[in-house]
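> Would you mind keeping the following structure in view while I ask a few things?
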Amino acid sequence: MKTSEDLRQLLDRIDHRGYPAYKDTRGVYQFGKYVLSIDHVQGDPFAAPSKLSVRVPGRTAGFPKELYDQKHKRIALQDELTRNFWNQIQQYTFQAKGSGKSGIISVTRCSQEILERTACGINPGSGDVTVRFEVGFPANGRTINAGELKKILYDFLPSCVERALYYGRLDKVRIRKVMELSEDQVYIREQLEAMGLVAFVANGAVLPRESGVSQRPMKGAVPFASPKSMEVTMELPYKGKISGMGIPKGVTLIVGGGYHGKSTLLKALETGVYPHIAGDGREYVVTDAAAMKIRAEDGRSIRHTDISMFINDLPNGKDTAAFDTEDASGSTSQAANVVESMEAGARVFLIDEDTSATNFMVRDELMQRVIHRDMEPITPFIERVRALYEQFGISTVIVAGSSGAYFQVADTVVQMDRYVPKEITGPAKTAAKDYPQLELPKEGPGMPSFDRKIRSNPGLKSKGRVKLKTLGRDGVMLNHETIDLRYVEQLMDSEQLTALGNIVKHLEENVFDARKTLRQAVEELYDRMDAQGFGAMCDGSYLPGNLAMPRKLEIYACLNRYRRLGTVAKR
């Protein structure tokens, strides 16, 4: 390993030379109490910034083992340290001058959710802390300005590392509260199954967000208060006694007038699959980790998916047991989303009437009289929702504002009234008796087939190195192929999409071979990711600092929207 003085001398030698000479700085250097690694150097000052990392040995970082001895604690502490490092570097970014991206210092800016990221990692054995970040190596035009880079590496960075990553310099009470909150959140999630619940919403939670572009809590919002009939109480390890609304397993209907908080509650349940930071307002809103938002998605591709549970006898004779299309309708896309989520292991469906295909969700009694069942290829969701729970153990939470048909099949009905929930199951069931009863299919659905074999896409690799580009939270591009993920609504961060792009690339290059089903390929990779972390999906010489872990459900969702997915048609 080289020393910081070696790097200083190298920078002096290449000063004022052409920008490519910066490539000589790649390597590992001892900087006093920490190690600096220059992993990748940008090609010119206008290119993406250089990739660097800092590793602080566990003895120097000094974090007590109890703060990171379990995975959820470690992820919470990593999240906190990433936020600390971001706060520190903000005062120094662009303080070193030059052309293009000279002087930029950046690290992941974390969202309200606590996600496992490559930006910061803590070794569970040694306690070593590693932070991965980017630096724009300074230049005048395309000539190296080594003096400005020395400012960053020898003046700015040591201060940031010490103030952000050394336990002795941090607020110890705050750090401990981060650990305690993570323990309480895990405890609630574990209690859901024991208490027969799919979600818990604490009294006092703030569910509305500041705006459509800000996930911070809305100031002056009505605090959540559970109906007494649905209130449950838990004794958390650190916070102690906490009460809130428990949403039971089965079929739950959320109703109410427009702008009364129905979709706001559902959105909180969607994001409740992730832990949230203190002060978010939803830190004690916890949903079953295998809950999946289901919606219509006109125009998406579907690859040999068995949607026969919902759609049969199409006029064009298409096989719905192996349905294939490049341009799905609202109903076929929503049917595919349900079946694909079953394949991925979803235990809860979250559905909003506003983003659903009406003909997929319900057929009223008059429509059934005019268009006989034999003439309608769609078996609507309302006729399957009970079987999904009773046969397959999948609960459903539905937001409805215009159709009362679901009153008949719901186990629990919650009315949102000016953001205050009221349980109205009894009155709703009584009112439903005055209307024609649903005619349900005589036979329950069989389990869909999940035996799609996957072959690799030879066109992806035929042009050499696969290029990956993330399109914010809209999708990812592999070479010229775009995977549209706009409607996979539980992806909360663009870094999750970057990780998904790496996963698809890895599977295409190393796994898909027509001998494994999609399910086998994903499950095997996810098991490796659980054991090896991000290294299981990355094939390069270094780990990039811009990845966030997606759920297994989103890995399936991404692959199912990949138009070049090489399914083998024969079943």
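The values are calculated or read from the model by the stated rules, or taken from the named source; none is laboratory data. Since the model is a prediction, treat every value here as computed from it, not as a measurement. We place every Cβ from the backbone using ideal geometry, glycine too, and count neighbours over all the protein chains shown.
> Search region 35-49 for residues that are touching a residue at least 40 places away in the same chain (Cβ under 8 Å) and within 19 Å of residue 7 (Cα to Cα) and pair each with any residue that is of a type in the set (D, E, K, R) and surrounded by fewer than 18 Cβ atoms within 10 Å (Cβ to Cβ) when their beta-carbon atoms are under 8 Å apart and the residues are at least 6 apart or on different chains.
Qualifying pairs under 8 Å: 39/26; 40/26; 41/23; 41/26.
> Restricting to region 47-68, what's the tally of residues that are surrounded by 14 or more Cβ atoms within 10 Å (Cβ to Cβ) and either outside the structural domain of residue 139 (by TED's automatic domain parsing) or farther than 16 Å from residue 152 by Cα (or both)? Steps first, please.
Let us first name the residues in region 47-68 that are surrounded by 14 or more Cβ atoms within 10 Å (Cβ to Cβ), namely 47, 49-58, 60-63, 67-68.
Keeping just the survivors that are either outside the structural domain of residue 139 (by TED's automatic domain parsing) or farther than 16 Å from residue 152 by Cα (or both) gives 47, 55-58, 60-63, 67-68.
Number satisfying all stated conditions: 11.
> Could you tell me whether any residue of region 151-159 is outside the structural domain of residue 415 (by TED's automatic domain parsing) and basic (Lys, Arg)? Walk me through it before giving the result.
Kept after step one, since they are outside the structural domain of residue 415 (by TED's automatic domain parsing), are these residues of region 151-159: 151-159.
Filter once more, so that each one left must be basic (Lys, Arg): 151.
Within region 151-159, one or more residues are outside the structural domain of residue 415 (by TED's automatic domain parsing) and basic (Lys, Arg).
> Listed residues 142, 132; which is crowded, with 19+ Cβ neighbours inside 10 Å, farther than 30 Å from residue 284 by Cβ and of a type in the set (D, E, K, R)? Break it down stepwise before answering.
Working: 142 fails: crowded, with 19+ Cβ neighbours inside 10 Å.
After applying the criteria, what remains is 132.
> Could you run through region 430-454 and say how many residues are closer than 19 Å to residue 561 by Cα and either outside any loop (DSSP other than H, G, I, E, B) or of a type in the set (Asp, Glu) (or both)?
So the count comes out to 3.
> Additional query: Quick one: which residue in 527, 513 is more than 20 Å from residue 472 (Cβ to Cβ) and either over 18 Å from the mean Cα position of the chain (by Cα) or among the β-branched types (Val, Ile, Thr) (or both)?
Values: 527 fails: either over 18 Å from the mean Cα position of the chain (by Cα) or among the β-branched types (Val, Ile, Thr) (or both).
None of the other options fit; the residue is 513.
> Could you list all residues from region 540-569 that are among the charged types (D, E, K, R) and either in contact with a Phe, Trp or Tyr (Cβ under 6 Å, 6 or more places away or on another chain) or in the same structural domain as residue 107 (by TED's automatic domain parsing) (or both)?
Step one: list which residues in region 540-569 are among the charged types (D, E, K, R), which gives 551-552, 554, 561, 563-564.
Answer for region 540-569, where residues must be among the charged types (D, E, K, R) and either in contact with a Phe, Trp or Tyr (Cβ under 6 Å, 6 or more places away or on another chain) or in the same structural domain as residue 107 (by TED's automatic domain parsing) (or both): just 552.
> Kindly list the number of the only condition in (1) of a type outside the set (Lys, Arg); (2) within 25 Å of the chain's Cα centre (by Cα); (3) buried (at least 23 other Cβ atoms within 10 Å of the Cβ); (4) closer than 22 Å to residue 394 by Cα that fails for residue 224.
(4)
> Quick one: would you say residue 172 is crowded, with 17+ Cβ neighbours inside 10 Å and within 30 Å of residue 32 (Cβ to Cβ)? If you could, list the steps in order and put the result at the bottom.
On the way: crowded, with 17+ Cβ neighbours inside 10 Å: no; within 30 Å of residue 32 (Cβ to Cβ): yes.
No; evaluated as a whole, the condition is false for this residue.
> Select from region 205-221 the residues that are over 20 Å from residue 413 (Cβ atoms) and surrounded by 14 or more Cβ atoms within 10 Å (Cβ to Cβ) and write down the one among them that is farthest from the chain's Cα centre (by Cα). If you could, list the steps in order and put the result at the bottom.
So in region 205-221, the residues over 20 Å from residue 413 (Cβ atoms) come out as 205-206, 208-221.
Subset that is surrounded by 14 or more Cβ atoms within 10 Å (Cβ to Cβ): 205-206, 208-209, 215, 217-218, 221.
Values: 205: 22, 206: 21, 208: 20, 209: 18, 215: 15, 217: 20, 218: 22, 221: 26 Å.
Applying the filter and picking the extreme gives 221.
> In addition: Return yes or no: is residue 128 in contact with a helix residue (DSSP H, G or I) (Cβ under 6 Å, 6 or more places away or on another chain), among the charged types (D, E, K, R) and farther than 18 Å from residue 495 by Cβ? Break it down stepwise before answering.
Details: in contact with a helix residue (DSSP H, G or I) (Cβ under 6 Å, 6 or more places away or on another chain): yes; among the charged types (D, E, K, R): yes; farther than 18 Å from residue 495 by Cβ: yes.
Criteria met by residue 128.
> Quick check on region 465-474. Is at least one of its residues at pLDDT 95 or above, among the aliphatic types (A, V, I, L, M) and within 14 Å of the chain's Cα centre (by Cα)?
No, the conditions are met nowhere in region 465-474.
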